[in-house]
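**Student:** Pasting a structure here, questions to come.
What follows is calculated from the coordinates using simple rules that are stated; it is not laboratory data. Everything quoted here is computed from the prediction, not taken from an experiment. With ideal geometry, Cβ positions are generated from the backbone for all residues, glycine too; neighbour counts draw on all protein chains shown.
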Amino acid sequence: MAYDDTNVFAKILRREIASDPVFEDDYVVAFRDIHPKAPTHILVIPKGKYEDFYDFHNNASTEEICGFYNAIKKVVDMLGLKTSGFNLLSNCGKTAGQEVFHYHMHILSNKLGS
Ligand code: AMP
């Protein structure tokens, strides 16, 4: 399956639709999930065009991969989630519940991030 540029996260990256951003750097954009499943529910997406976990790990550069995971930690630290605990979740494939085919990591926490 080829990357589909019309997916909602591609539109957020192009600023064609609004999001509720919490963090951005050279590698990622992080924003609040529109239908939160926990008091804190953030989505972290790479800026590159990768449809899922496998596409990202097979085709992204080491710099992009490191940048992505470092950014996740920055968001966790920024929101003070380390002490409260948090979950990282990435759905890969339709049958696993992936709805948006631009790779992303969910950060979920019962703490209301500031
Ligand atoms: P997944 O099922 O892993 O592909 O997750 C996609 C997530 O994107 C879901 O939790 C949706 O609630 C979320 N989502 C869809 N559209 C938007 C949007 N415009 N802004 C923020 N989150 C969104």
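**Student:** Can you show me the helix-derived [θ] at 222 nm for the chain, built from DSSP H runs with n ≥ 4 at -39,500 (n - 2.57) apiece and divided by the number of residues, rounded to the nearest 500.
**Tutor:** Per the formula, -7500 deg cm²/dmol.
**Student:** Same structure, new question: Once R0 is set to 35 Å, what does the formula 1/(1 + (r/R0)^6) return for the Cβ-Cβ distance between K74 and A96, expressed as a FRET efficiency to the nearest 0.05?
**Tutor:** 0.85
**Student:** Given R₀ = 22 Å, what would the calculated FRET efficiency be for M1 paired with K37, taking r from the Cβ atoms and rounding to 0.05?
**Tutor:** The pair M1/K37 has a calculated efficiency of 0.30.
**Student:** Could you work out the Kirkwood radius for the chain, taking every pair of different alpha carbons, averaging 1/r and inverting it, reported in Å?
**Tutor:** This gives a value of 14.3 Å.
**Student:** For the residues H104, H35, H41, what sequence is obtained by ranking on other C-beta atoms within 10 Å, fewest first?
**Tutor:** In order of increasing Cβ crowding within 10 Å: H35, H41, H104.
**Student:** Less than 24 Å apart at the alpha-carbon level, and either on another chain or at least 8 residues along: which lysines does that give for K11?
**Tutor:** By straight Cα distance, K11 reaches K37, K47, K49, K74, K94.
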